[in-house]
Amino acid sequence: MELSVLYDRVVLGIFGAGVCVALLLCVVSAPYGRHSRTGWGPTIPARLAWVLKETPTVIAFVYAFWGGPEAGHPVPRLLAGMYLLHYTYRSWVYPFRLRSSARTPWLVVILAVLFVTANGWANAIWLGHLGDYAGVSLTDPRVLVGCAVFALGYALNQHSDAILRRLRADGSTGYRVPYGGGFRWVSSPSYLGELIEWLGFAIVAGSSAAWAFVFFTAANLVPRAWTHHRWYLAEFDDYPADRKALLPFVW
């Protein structure tokens, strides 16, 4: 099978999976983190689950990207750096900062591995092999705008994670109401930051794989943000009434 045909099929599969995920998560919350519960089969510690869920995309991306005919151009290298910056953090830094005693079902881990592997491969194949970035400069307006959007999202994601970590700086593992930063406006600023990150990535890449990634991320995180918001409102009587779920001042 030609590489371009396989790429198209994988990208179409990611779009299709996004539709299925969105429909499913509108009915049931994914059983990990604060929404962990029994009935989903064998489980493993959350820290190990994060490592196993995220590491495959780093491996798949590096394997598919390196040595490709387009991989030596500045823009593909920039995009590879953006992708790996996020996922090396999620794979090998974020898990070891967790102070959660929650467990994650193996089913969630396996489904995540399937997505991140396909996603990392598809984006890397486009950037390293199928895309045409030879004439695209790092000062191209599309590149500058996309990088600025990515940086904004990454900063929001990191800062929101830091606020959540500080809630457990005393060694506790329970949940509290977070304040400050993006939490002034929404219940899930980490998710909002991640959505903004990949929007910026897609603006620069301009590929079907990158936009499929944005679509799947939204399909996964938008319903979960709403689930988080409802959980906060039910759990804390003093939860800020004007705080939205994901989009400031809107929803």
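Entry for region 3-235 at q = 0.08, 0.14, 0.16, 0.17 Å⁻¹: log10 I(q)/I(0) = -0.30, -0.93, -1.20, -1.34, Debye formula applied to identical alpha-carbon scatterers, no solvent contribution.
With neighbour counts taken as other beta-carbon atoms within 10 Å, the residues SER101, SER29 rank, fewest first, as SER101, SER29.
Going from the residue with the fewest nearby Cβ atoms within 10 Å to the one with the most, LYS244, LYS53 rank LYS244, LYS53.
Within the chain, the whole DSSP H helices whose Cα atoms reach 30 Å or more along their own axis and whose mean Kyte-Doolittle score is at least -1.0 are 3-25, 141-166, 208-235.
Which residue fluctuates most in the GNM of the chain (Cα springs below 10 Å): PHE236, PHE61, PHE216? Evaluated over the chain, the most mobile residue of the options is PHE236.
With each label modelled as a point 7 angstrom along the Cα→C-beta vector, the ARG166-PHE236 pair spans 1.4 nm.
With Cα atoms defining each centre, region 178-196 and region 89-116 are spaced 20 Å apart in the structure. This ranking places PHE15, PHE201, PHE96 by how few other beta-carbon atoms lie within 10 Å of each, fewest first, which gives PHE96, PHE15, PHE201. Could you tell me the center-to-center distance, by alpha carbons, between region 26-88 and region 205-234 in angstrom? Region 26-88 and region 205-234 have Cα centres separated by 15 Å.
With a Förster radius of 51 Å applied to the beta-carbon distance between ARG99 and ASP132, the computed FRET efficiency rounds to 0.65. The Cβ shell under 15 Å around LEU130 holds other residues with a net charge of -3, Lys and Arg each +1, Asp and Glu each -1.
Run the helix sum for the chain: -39,500 (n - 2.57) per DSSP H stretch of 4+ residues, divided by residue count, reported at 222 nm to the nearest 500 deg cm²/dmol. Using -39500 (n - 2.57) per qualifying helix, the result is -21000 deg cm²/dmol. Positive end of the charge dipole of region 3-235 (Lys, Arg +1 and Asp, Glu -1 on Cβ, about the Cα centre): tell me which of PHE201, ALA64, HIS159 has its Cα farthest that way. After comparing all options, I get HIS159. Springs join every pair of Cα atoms under 10 Å in this Gaussian network model of the chain, and among ALA134, ALA22, ALA209 the largest mean-square fluctuation is at ALA134.
Figure legend: label point modelled 7 angstrom from the Cα of ILE110 along Cα→Cβ; residues of region 22-49 with amide N under 13 Å from it are 40-43. The label-point distance for VAL177 and LEU24, in a model that sets each label 7 Å from Cα toward Cβ, rounds to 3.4 nm.
Readers should treat all values here as calculations from the given coordinates under stated rules, not as data from a laboratory. This structure is a prediction, so every number in the text was calculated from the model and none was measured. For neighbour counting, all protein chains shown are included, and Cβ atoms are generated from backbone atoms with ideal geometry for every residue, glycine included.
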